[in-house]
Amino acid sequence: MNIVCIGGGPAGLYFALLMKQQNPAHDITVVERNRPYDTFGWGVVFSDATMEHMREWDGVTADQIQQAFNHWDDIELHFKGRVIRSGGHGFVGIGRKKLLNILQARCEALGVKLVFETDVESDADYPDADLVIASDGINSRVRTKHAAVFKPDIVTRPNRYIWLGTKRLYDAFTFLFEKTEHGWFQAHIYKFDDTTSTFIVECPEHVWKAHGLDHASADESVAFCEKLFAENLQGEKLLTNARHLRGSAWLNFQRITCEQWSMFNGRSHVVLMGDAVHTAHFAIGSGTKLALEDAIELAKQFRDHGQNGEVRPEDIGEVLSNYQAERRIDVLRLQNAAWNAMAWFEVCGERYCDQLEPEQFMYSMLTRSQRISHENLRLRDKAWLEGYESWIAARAGAGPKAVPPMFTPYTVRGVTLKNRVVVSPMAQYSAVDGMPGDYHLVHLGARAMGGAGLVFAEMTCPSPDARITPGCPGLWNDAQRDAWKRIVDFVHASSDARIGMQIGHAGPKGSTNEPWVGEGADRPLATGNWPLVSASEQPYQRGVNAMPHAMGRADMARICNEFVAATRRAAEAGFDWLELHCAHGYLLSAFISPLTNHRADDFGGSLANRLRWPLEVFAAVRAAWPAERPMSVRISAHDWVEGGITPDDAVAIARAFKDAGADMIDCSSGQVSPEQKPVYGRMYQTPFADRIRNEAGIATIAVGAISEADHVNSIIAAGRADLCAVARPHLANPAWTLTEAAKIGFKGVAWPVQYQSGKSQMESLFERERSARAAP
Ligand SMILES: Cc1cc2nc3c(=O)[nH]c(=O)nc-3n(C[C@H](O)[C@H](O)[C@H](O)COP(=O)(O)OP(=O)(O)OC[C@H]3O[C@@H](n4cnc5c(N)ncnc54)[C@H](O)[C@@H]3O)c2cc1C
Ligand SMILES: Cc1cc2nc3c(=O)[nH]c(=O)nc-3n(C[C@H](O)[C@H](O)[C@H](O)COP(=O)(O)O)c2cc1C
């Protein structure tokens, strides 16, 4: 095969040498515009795992890289005058120049032709090539020329960074954070040979501009960074090798993905590789890893498809499709992790630096990609993690011993929850005339005995016409109050859980079937429908749900009074906690979302106007609710519809409820519009809780696909939320919290005395499972 690699970076060189090694008969040329020893940038890092992978494919290069690389395990944070270090992270650092020289020499030894100082115009320059590898980096000309086929998606990120070097040597992957009068800067530093470290400085665009760095030359930028990090540099200089760059030496990261990775140009097959087809932010240092692994995968596909890597020309297209299919998922996974890590560095100045103490900041930084969880950290550095667990336990009043963050207590107003788990409100549609009965006693009672710190009753309605279905419970009369009191008393007598009431009005989503009746959830009743109210005349689903009446001032006053009366009854029933349901498209949510509120009066239009009535209801309810008992507000932090509520709005909504006296925001999302397109995934709504907690400065409840102790521990430990609500897992297992405690080997949790003998048995069963898993 005649192969031409355009671009002699890690991708092009490594692919060339792997193919030549596979079949010396291949005619392979790598064309590079720079001279052999030219380079930009300093060192790159990749992980121990990438090294192992390379060793399987070419021991010679792996050995040479191994001799030249710097290996280190520790991550060190310098923040607010503190230095915190944790180990077990396993990185390899090598100079980019050294890496390229090793790959170039190996190419030459194997017989790959290397052509330097040749700036290739296009893949068409090599009409005799069977295969053209477009390994021409992030600004790939080949990709741009065939953009209609490759369909690249290029996202330019807001932060600015400059890639520098220094002769100061660091023995850990080091992160520095410095505050200036205009905001925070961070430096990512790693040693890559015996004399030099890479030193990347990063900050948000507005901070960069405020310091006038948009007009600074490379030398002025270096001088600025030297001054900023002078204390840490201990007299060493910062070095730049980017003087040749036109304009500012500060770059914006570009995230690149491509729909199609290969094509046939009429003469040759052309395939993208490395940065040309995908980029990953340096926050998790994986660009070089991806480039090398692309090269491995394509070489593997050629090996598996033919004899000695020789593939019939008519089969090359299929090999290239297989390469894309195999790589795409791995690359996406890594790009997602890199995206999370990058996003953390983009917002840390505004969201975490001022808010978190150094210990928690370190934890948050280490888990920034959301690929490293609490238990992963334990495997990496047990002593450090236990030290952090003791710190967080001490701050929650549970120290001095290490306690999993999930099992630390939490106090708000006069209520202390024994741990951070909440049984999320879940409608059971099993009341008769709004009366909770034996079903609710057993359902809520069992969950209260199952270990959660707080158990919420389902959405409960202040009037019959506020119900979602005829099976929804209410608090519009004293008999209902007394029926609830029986349940509350049971919970208090038989467990140390607290019990919360969620009050809500269905608004435009009312008068529907129980999910298991007739046509199912959100469908109108076959008979006996009641009139609906909402912010505007707009049904939940056009042509399905009845048209609601747009509320007037009198309706607002009546319904507000009904909320207040329900609140008084909830207090009399003895509930410990009250939540106002302002989410999911129900009445209060229908006022807040612009998708459902089209009013022209003082209650529509701006967010402040749309919030006006929900805030009036909140204030009235708060005034009726005992001062020593907490109140949370559940919101939909994202409508998942263009033009609907966004996470930015959610921060403003949270601030408004905070100002009105809310103690916590319960951060749910969606269900406001049938047009919604939510992006589900593990802990998918937690970013809203995180953002609201750390930007609006109010405690939050995270909810949504939180299904393991490891999730809860990671969320609480990183300061992303204060409590975690768990819904569906509690339908399967009322004792979810007790089970999860046993699973992670935490014995310091109290079981109901009657169940005591089940505790030790469950603990030893899980203990045995853990030992079996750990056995070689
Ligand atoms: C600040 C920063 C820090 C980074 N840190 C890390 C890290 O720690 N770890 C890591 O793994 N990655 C890191 N990277 C990313 C890494 O540098 C790239 O992902 C990696 O080099 C990609 O390899 P590549 O071969 O695809 O592209 P490149 O290394 O960009 O190589 C492309 C080559 O093609 C040549 N070329 C381009 N156009 C033409 C043309 N028309 N004709 C001839 N030649 C051409 C270029 O001169 C270049 O040599 C970092 C990147 C930056 C910007
Ligand atoms: C059967 C069921 C009923 C629900 N009813 C309510 C409710 O009454 N009030 C409410 O705010 N959320 C309700 N939800 C949403 C849950 O409280 C929770 O936010 C959602 O299920 C996501 O959490 P999970 O992934 O742990 O299930 C309900 C969810 C389920 C599964």
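The values are calculated or read from the model by the stated rules, or taken from the named source; none is laboratory data. In this text, all values refer to a predicted model and were calculated from it rather than measured experimentally. Counting neighbours? That spans all protein chains shown, and the Cβs are built from the backbone with ideal geometry, glycine included. Surface accessibility is based on the protein's heavy atoms, side chains included, excluding ligands, DNA and RNA. Shrake-Rupley method; radii C 1.70, N 1.55, O 1.52, S 1.80 Å.
Given the Cα-Cα distance of Glu357 and Asp214 and 0.36 nm per residue of separation, how much length would full extension add, in nm?
On the way: separation 143, 0.36 × 143 = 51.48 nm, distance 3.15 nm.
Difference between extended and current length: 48.3 nm.
Cross-link list Lys98/Lys167; Lys20/Lys113; Lys80/Lys209; Lys97/Lys145; Lys509/Lys658: which exceed 18 angstrom alpha carbon to alpha carbon? Could the numbers behind the result be given before it?
Details: Lys98/Lys167 16 Å; Lys20/Lys113 10 Å; Lys80/Lys209 24 Å; Lys97/Lys145 29 Å; Lys509/Lys658 27 Å.
From Lys98/Lys167; Lys20/Lys113; Lys80/Lys209; Lys97/Lys145; Lys509/Lys658, over 18 Å: Lys80/Lys209; Lys97/Lys145; Lys509/Lys658.
What does the helix-only formula give at 222 nm for the chain: each DSSP H stretch with n ≥ 4 adding -39500 (n - 2.57), the total divided by the residues, and the result rounded to the nearest 500 deg cm²/dmol? Provide the component values of the computation, followed by the final result.
Details: 25 runs with 296 residues, N = 776.
Rounded to the nearest 500, it is -12000 deg cm²/dmol.
Three principal axis extents, largest first, for the C-alpha atoms of the range 2-77, in Å?
Answer, in whole Å and largest first: 49, 29, 17 Å.
Shape verdict for the range 204-294, please, from the Cα gyration tensor: rounded (a/c under 1.5), prolate (a/b greater than b/c) or oblate. Please list the in-between numbers first.
Values: a/c = 2.78, a/b = 2.31, b/c = 1.20.
Cα axes put the range 204-294 in the prolate bin.
So how far, in whole Å, is the C-alpha centre of the range 532-570 from the one of the range 331-369?
If we compute the Cα centre of each part, the gap is 41 Å.
What whole number of Å gives the distance from the Cα centroid of the range 178-215 to the Cα centroid of the range 712-776?
43 Å
Listed highest first by mean packing, meaning other Cβ atoms within 10 Å per residue, what order do 424-436, 283-295 come in?
Values: 424-436: 19.2, 283-295: 25.2.
Taking the mean over residues of other Cβ atoms within 10 Å, the ranking is 283-295, 424-436.
Restricting to DSSP loop positions (anything but H, G, I, E, B) with no more than 14 other Cβ atoms inside 10 Å of their own Cβ, which trypsin sites (Lys or Arg not before Pro) remain in the range 129-177? List each step's numbers first, then the result.
Numbers: sites: Arg141, Arg143, Lys145, Arg160, Lys167, Arg168; in loops: Lys167, Arg168.
Taking the range 129-177 and a limit of 14 other Cβ atoms within 10 Å, the loop trypsin sites (Lys or Arg not before Pro) found are Lys167.
For the chain, with every protein chain kept in place, what is the accessible area per residue (1.4 Å probe, Å²)? Before the final figure, lay out the partial values.
On the way: 30300 Å² over 776 residues.
Each residue of the chain exposes 39 Å² on average to a 1.4 Å probe.
Can you tell me the 0 to 90 degree angle between the C-alpha axis of helix 647-659 and the longest principal axis of the chain, rounded to 10?
With rounding to tens, the tilt is 40 degrees.
How big is the charge dipole of the chain about its Cα centre, in debye rounded to the nearest 20, if each Lys and Arg gets +1 on its Cβ and each Asp and Glu gets -1 on its Cβ?
On the way: 80 positive and 93 negative charges, 273 e Å.
Computed charge dipole of the chain: roughly 1320 debye.
Are there chymotrypsin sites (Phe, Trp or Tyr not before Pro) in the range 62-142 that DSSP puts in a loop and that have at most 16 other Cβ atoms within 10 Å, and which ones?
On the way: sites: Phe69, Trp72, Phe79, Phe91, Phe116; in loops: Phe69, Phe116.
The qualifying sites are Phe116.
Using only Cα atoms and rounding to the nearest 10 degrees, what angle (0 to 90) does helix 316-351 make with the longest principal axis of the chain?
60 degrees
How charged is the neighbourhood of Val319? Take every other residue with its Cβ under 13 Å from the Cβ of Val319, and add Lys/Arg as +1 and Asp/Glu as -1.
Values: positive: Lys300, Arg303, Arg312, Arg327; negative: Asp130, Glu297, Asp304, Glu310, Glu314, Asp315, Glu318, Glu326.
So the surrounding residues net to -4.
Give me the percent of accessible area attributable to carbon and sulfur for the chain, probe 1.4 angstrom. Could you put the intermediate results ahead of the total?
Numbers: 15140 of 30300 Å².
The value for the chain is 50 percent carbon and sulfur by accessible area.
How would you rank 551-557, 224-230, 314-320, 274-280, highest first, on the average number of other Cβ atoms within 10 Å across their residues?
On the way: 551-557: 13.6, 224-230: 17.6, 314-320: 15.9, 274-280: 27.1.
Order by mean packing, descending: 274-280, 224-230, 314-320, 551-557.
So, by mean Cβ neighbours within 10 angstrom, what's the order for 179-186, 517-524, 95-102 with the highest one leading? Walk me through the numbers on the way to the answer.
Details: 179-186: 16.2, 517-524: 14.8, 95-102: 20.2.
Highest-to-lowest ranking by the protection proxy: 95-102, 179-186, 517-524.
Using only the alpha-carbon atoms, how far is helix 48-57 inclined from the longest principal axis of the chain? Give it as 0 to 90 degrees, nearest 10.
Approximately 50 degrees, to the nearest 10.
Going from the alpha-carbon gyration tensor of the chain, what semi-axes, largest first and in whole Å, does one get by taking the root of 5 times each eigenvalue?
Values: eigenvalues 594, 174, 141 Å².
Gyration-tensor ellipsoid for the chain: 55, 29, 27 Å.
Report the label-to-label distance for Ser771 and Leu239 in nanometres (one decimal), using points 7 Å from each Cα along the Cα→Cβ vector.
5.5 nm
Could you tally the net charge around Tyr14, taking each other residue with its Cβ under 10 Å from the Cβ of Tyr14, Lys/Arg +1 and Asp/Glu -1?
-2
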